[in-house]
Amino acid sequence: MAIKEIIKRDGTNVPFEKERITKAIYKAMLSANHGTVQDAEIVSGEVVKKLGASVEIPHVEKVQDMVEEELMHYSPKGNSFADVARTYILYRQNRSIIREEKERLGISDDLKLSLNAATVLESRYLLKDMDGKIVETPRQLFKRVAESISIVEGVYDFYNSTKTGSNTKPDSTVLSRISGFQRNSIKIAYRSIFGKEATKNDLENLERFLTHSKNSVSAYTEKFLDMLVSMKFMPNSPTLMNAGTELGQLSACFVIPVEDKIDGIFDSLKLTAKIHKSGGGTGFSFSSLRPKDDLVGSSKGVASGPVSFMKIFDTTTEVIKQGGKRRGANMGILRYDHPDIMDFVNSKDSKNKQLRNFNISVAVDSRFFDKLDRGENIDLINPRSRKIERQIRASALWESIISQAWKTADPGLIFIDEVNRHNTVPNVGEIEATNPCGEQPLLPYESCNLGSINLGEFVSNGKIDFKELESVIRLSIRFLDNVIDANLFPDEHIYEVTHKTRKIGLGIMGFADMLAQLEIPYNSQDALKTAEEVMSFLQDISHDESTKLAEERGCFPAWEGSEWKKLGIKMRNSTTTTIAPTGTISIIANCSSSIEPYFALSYVRHVLSGKTLVERNEYLEQELKRRGIHSESLMLKIAETGNLSHVDLPEDIKAIFRTAHEISPEWHIMMQATFQRYCDSGVSKTINLASEAKIEDVEKAYRMAFDLKCKGITVYRDRSKTEQVLYSGEPSHETVEVKLKTDNGAGLLLLEGTFDPACPDGKCSL
């Protein structure tokens, strides 16, 4: 009897496909380096033949049992395929563990995501009821986001119809009804697009239009949903978390001014708490605060200085993160000529106990380097009085900066004059600070929403598919522009400044995956050429799409007087591109982080059941299988260190799959500088250093970043913090508090929880 259906594990029936059985068998043969496609077809044919003898619809587990049995008995010309059977059994066991883990997490995975992705979605993104039970699937999450952002399209359609007085005809493809979350999105978008609060009558007319007249909501919901489900594009975390919810805050990046008065400081603190609660990150310049021991006129007392107030912000972040959707993150910036600069430089510790929720950067400019090169002193200027308090040798400050960066990974540098040279809206204000990871310079009270394109999905037959990439870039820019109009901002100041400039930040992730598929080593001229080719393309297309949106919707309000106006270019957004660290969104998309090289190619991961899984780089595994040298024992060998340095493999494979610590700092910085050349905003890039790196290596990296026109730099020397999620090899300090440690039995890298290689300590959640 011909088999027409098969019963899935969830009890549903789907069409039976013999090809799926053949494919699974052949994958096992590739992994075992034994067998051909013809062998796989013979074995699957026997399985189908025996299944056809029964009148019952087969269950998927029964089919897999039969595959195991046939492989054990298959021995053409006495050649046993028991090794293939063992590989198939191991694959089933791993899949079973993953399914069990997802069930423990309470996730109904309708997209077949990785376990890392499922873990992240459960902890932060999927909606839950009052009892903490998950109430949506991953696909439903993406549908919620796509629909919330596409509603903006419908409101623009309504706005245009009111301006033209056009009569629209009924259309069956529009929204059939308006749900509660849609009504909230409609109200937010109305205010943004019409510039006023909607009355009850306004909303009734708009809802009638959306449900009875031809508009773009349904079409863009499908387009956005396809882009998300395919993992070709991911918006920043707050958009995934909050779109279509009561919270409604969709931006990742904020800069909040800190005034030199007590009321202003605590107003900023309150706003910071609101932003962190919604999943956003905050950056501050503390350069306007009077120095420690300076006179406080109102009380005749003395000031405690910027670092003391940073500790208050840090404590607030620590408290808020317990109830928020993810841990809060801050960037603290102080100018090099502030009297408290040495206290600031030395404010972090390697145990990460002080200012643990802060990244810190010193704002420097070309004058600082001029004084450093000439062996001169720096005037330390009181920001309250503008008087010179004292002087410090430029070399002494420089030595402190690089020494602390070597010891603790802080401070980084922000090249503040380079940042402002590229400020597209100097008519609005001067930039003093960035978001927590440094990639988004922002004006006071400005926010930005980000998104990243997964480059690993745009390689076909060894070539980059620029046609498809262009399509996704254009759709992503439209999506991000819509986010501004769908956003429930936490403060009216932020609403006003963000709408003035309409900054968005489209970046990339999966760059290492793209290079692997193109067979290009990360530390090579070809990799730099690929970076240049891809990023210049993204920059050009994103600008062009923003220009098209400007024709359709109007320029950003601060366009008059902007650098774009001087160039005669109409733009919907004052910036369109940013290279963010991607953090958890690259885990969801199952791709490499941002523009970073691979950190670990294989490691062992503990799961809730107490079992372990070997996580492995899929592109490395594919290449090993293609060459017939893949085995489970080889992947376990690689997991001893996470890299290929100790494994006997062809040199070209080792070159293509070099990990972060095998790549010299010079290549890291050249890669950052290459991407920065074609990026409106900044580039978040960790310059990874081996634990054996010297202070001189940090100095060389910082100076090189300045010389190559980067906007900022961060270095991370392996094991320079005692809290670190991923180690290459055995941790050397007995006091190390680690989430990932060496298993005493197998001597393998063990990971508990999720790992994000884009951030220095592996825990960035941006």
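Derivation of every value follows stated rules applied to the coordinates shown; laboratory data play no part. In this text, all values refer to a predicted model and were calculated from it rather than measured experimentally. Cβ sites come from the backbone with ideal geometry, for glycine too, and all protein chains shown count toward neighbours.
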Given 196/500; 685/709; 348/700; 143/500; 311/371, which pairs have Cα atoms separated by over 24 Å? 143/500; 311/371
Full-extension gain between residue 261 and residue 59, please, as 0.36 nm times their residue separation minus the C-alpha to C-alpha distance. 65.7 nm
Three-way shape label, the chain, alpha-carbon gyration tensor, a/c 1.5: oblate
Within segment 241-350, DSSP-loop trypsin sites (Lys or Arg not before Pro) with at most 12 other C-beta atoms within 10 Å are 300
Segments 83-96, 55-68 sorted - mean Cβ within 10 Å per residue, highest first: 83-96, 55-68
Prolate/oblate/rounded call for segment 450-587, Cα gyration tensor, a/c under 1.5 rounded: prolate
Residue 388-residue 466 pseudo-label distance in nm [points 7 Å out on the Cα-to-Cβ vector]: 5.5
Pop a pseudo-label 7 angstrom from the Cα along the beta-carbon direction at both residue 646 and residue 38 and give the gap in nm to one decimal. 4.2
Round to the nearest 0.05 the FRET efficiency obtained for residue 655 and residue 566 when R0 = 60 Å and r is the Cβ-Cβ distance. 0.85
Relative contact order (percent, whole number), segment 138-229, Cα cutoff 8 Å, 6+ residue spacing: 51
Round to a whole angstrom and tell me the spacing of the C-alpha centers of segment 422-466 and segment 188-222. 29
What does the helix-only formula give at 222 nm for the chain: each DSSP H stretch with n ≥ 4 adding -39500 (n - 2.57), the total divided by the residues, and the result rounded to the nearest 500 deg cm²/dmol? -14000 deg cm²/dmol
Under a 5 Å amide H to amide H cut-off, with H placed in plane at 1.01 Å, what residues pair with residue 6 once short-range neighbours are removed? 14, 16
Apply 1/(1 + (r/R0)^6) to the Cβ-Cβ distance of residue 376 and residue 315, taking R0 = 35 Å, and write down the FRET efficiency to the nearest 0.05. 0.35
Shape of segment 1-127 from its Cα gyration tensor (a ≥ b ≥ c, root eigenvalues): rounded if a/c is under 1.5, otherwise prolate when a/b > b/c, or oblate? oblate
Could you work out how much longer the chain between residue 245 and residue 709 gets when fully extended? Use 0.36 nm per residue separation minus the Cα distance between them, nm to one decimal. 162.9 nm
For the residue 8, residue 526 Cβ pair and Förster radius 56 Å, calculated FRET efficiency rounded to 0.05 is 0.80
Amide H contacts of residue 283 (H built 1.01 Å from N, under 5 Å, at least 5 apart or other chain): 254, 255, 256, 331
Using a 10 Å cut-off around each Cβ, can you sort 679, 448 from fewest to most neighbouring Cβ atoms? 679, 448
Length-normalised contact order of the chain, Cα under 8 Å, at least 6 apart, in percent, tallies to 12
Rounded to one decimal in nm, the spacing of the 7 Å Cα→Cβ label points at residue 519 and residue 90 is 2.6
Please list, ordered by chain and number, the residues whose modelled amide H lies under 5 Å from the amide H of residue 350; skip anything fewer than 5 residues away on the same chain. none
Label-reachable residues, segment 237-263, where backbone N falls under 20 Å from a point 7 Å from residue 177's Cα toward its Cβ: 244-246
